[in-house]
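Below: the structure, in structure tokens.
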2 protein chains.
Amino acid sequence: MPRVLLTAGPTREYLDAVRYLSNRSSGRMGVALARAFAAQGATVTLVAGPCEVALPRGGEAGIAEVVEVVSAAEMYDAVASRFAACDIFVAAAAVADYKPAERLEGKRKKEAAGGNHWTLELVPTADILLEMGKRKGPRQTVVGFALEAHDALANANAKRERKRCDLIVLNSPANFGDAADTLTLLDDTGKVRRQINEPSKESAAAALVEEILSHRHAT
Amino acid sequence: MPRVLLTAGPTREYLDAVRYLSNRSSGRMGVALARAFAAQGATVTLVAGPCEVALPRGGEAGIAEVVEVVSAAEMYDAVASRFAACDIFVAAAAVADYKPAERLEGKRKKEAAGGNHWTLELVPTADILLEMGKRKGPRQTVVGFALEAHDALANANAKRERKRCDLIVLNSPANFGDAADTLTLLDDTGKVRRQINEPSKESAAAALVEEILSHRHAT
């Protein structure tokens, strides 16, 4: 049975003790994927940012470990140290791709800028999917997610190639806050492997897991 | 019985369709205050940003209305249109004091900056507490919160004066993520009215409500 390493939820990049930059993500899809893999007999390690939904616990059936992280850097470290031991890596987290160039001590006073403009310098975070794609061994499967608002198929395929994913799941901002889920799974030739239109994130996750496991069996 | 207008939780200031700036706040104190006021017979209108804790429902005992908002601007509008009808306004929300100067359509591509630096221009949001302090009538009580990391008492008192609060609650970043709560309530002369050290946010909220109502009776 495959060992699955899975990320879920957003990350938070703190500007100071109080303010942070984050991404819109409840973690619901990632947690649903963890449970769906477990239900198929896989052994799941879940690395989760601050999710709105309840996380499974390490030790539950099929859930080997749950690692809670806050920032993209923490998520990177948690994934990198576990990647070699997994058969399937699914990057479902909405990782912040930018963080403040510096994190201030304490809480920045509004008066520090005279109550006026604040110019915030952001720098890229470490790219978890890109790095794991580079490290990928011949028996490992890497699955990415692409959230694309424009030129969706072309951008998702470009991301799949750049990050060396075996499969990529195209998601849309239109799914935000919606119970239903519309996803497009692209295979390693860039073709649509399956169009998923499901009434819930849980049933969409079950369909994705079925495809990921069958792709793995076929290769 | 007093009519209480209360804000809770953080706000989110979106940079684009996905990324946002926010403050660390679960909303737990604000929701506990709403329930504590209701338990004392007040009629509560709650204006809440995206909270981690479950919100009460409008129509529950003592809860007249619950207005869910996302941004500081939405919270400002929801409060401003209801302020004249309240006896007590408690600003417990961790409102973002800065927002992006512009909100981009769709999702900004990382490649838009060559994957390099991103300079983000932030501008101040409308100051809800300052504006309601200006509008305050002779029979209205306004209670603010101050989260201060340095020179806490002096900064909290300066905020109380600037924003014309009758009472201000001094909070500390040390309370984050902690079940227990240590708060200092300052009165309109700048003196410590009550030091609150409670094992939970709920019992701290009950103590605060008791003090707010007794301050109101005494004036």
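The values are calculated or read from the model by the stated rules, or taken from the named source; none is laboratory data. Note that the structure is a prediction, hence the values are computed from the model and not measured. Ideal geometry is used to build each Cβ from the backbone, glycine not excepted, and the neighbour counts take in all protein chains shown. Ligands, DNA and RNA are excluded from the accessible area calculation, which covers all protein heavy atoms including side chains. Shrake-Rupley method; radii C 1.70, N 1.55, O 1.52, S 1.80 Å.
Keeping to the stretch B:94-148, report how many residues are surrounded by fewer than 13 Cβ atoms within 10 Å (Cβ to Cβ) and closer than 19 Å to residue B:164 by Cα.
Residues meeting the conditions: 4.
Only one of these conditions is not met by residue A:57: (1) open to solvent by less than 20 Å² (accessible area, probe 1.4 Å); (2) in a loop (DSSP other than H, G, I, E, B). Which number is it?
Of the numbered conditions (1) open to solvent by less than 20 Å² (accessible area, probe 1.4 Å); (2) in a loop (DSSP other than H, G, I, E, B), the odd one out for residue A:57 is (1).
Does residue A:41 satisfy being out of contact with any Pro (no Cβ under 7 Å at 6 or more places or on another chain) and either part of a helix (DSSP H, G or I) or of a type in the set (A, V, I, L, M, F, W, C) (or both)?
So residue A:41 does not fit the description; no.
Among the residues of the stretch A:30-53, is there at least one that is more than 13 Å from the chain's Cα centre (by Cα), open to solvent by 30 Å² or more (accessible area, probe 1.4 Å) and within 14 Å of chain B (Cβ to nearest Cβ)?
For the stretch A:30-53, residues more than 13 Å from the chain's Cα centre (by Cα), open to solvent by 30 Å² or more (accessible area, probe 1.4 Å) and within 14 Å of chain B (Cβ to nearest Cβ): present.
Report the residue count in the stretch B:1-24 for those that are part of a strand (DSSP E or B) and of a type outside the set (Lys, Arg).
As a first pass, look at the stretch B:1-24 and keep what is part of a strand (DSSP E or B): B:3-8, B:10, B:12-14, B:19-23.
Now drop any that are not of a type outside the set (Lys, Arg), which leaves B:4-8, B:10, B:13-14, B:20-23.
The number of residues fulfilling the criteria is 12.
Which pairs do you get when a residue that is in contact (Cβ under 8 Å) with a residue 40 or more places away in the chain, found in the stretch B:121-150, comes within reach of a residue that is exposed (fewer than 15 other Cβ atoms within 10 Å of the Cβ) and not in a helix (DSSP H, G or I), reach meaning Cβ atoms under 8 angstrom, with the pair 6+ apart or on two chains?
What qualifies is B:122/A:117; B:122/A:119; B:122/B:101; B:141/B:219.
Do you know which residues across the stretch B:71-102 are within 13 Å of another protein chain (Cβ to nearest Cβ) and among the charged types (D, E, K, R)?
Those that are within 13 Å of another protein chain (Cβ to nearest Cβ) and among the charged types (D, E, K, R): B:97, B:99, B:102.
Name, by its number, the condition in (1) over 15 Å from residue B:109 (Cα atoms); (2) open to solvent by less than 20 Å² (accessible area, probe 1.4 Å) that does not hold for residue A:156.
Evaluating residue A:156 over (1) over 15 Å from residue B:109 (Cα atoms); (2) open to solvent by less than 20 Å² (accessible area, probe 1.4 Å) leaves (1) as the failure.
Of the residues B:64, B:78, B:36, only one is under 17 Å from residue B:130 (Cα atoms) and outside any loop (DSSP other than H, G, I, E, B); which? Quick ask: steps written out before the conclusion?
Details: B:64 fails: under 17 Å from residue B:130 (Cα atoms); B:36 fails: under 17 Å from residue B:130 (Cα atoms).
When all the criteria are applied, what remains is B:78.
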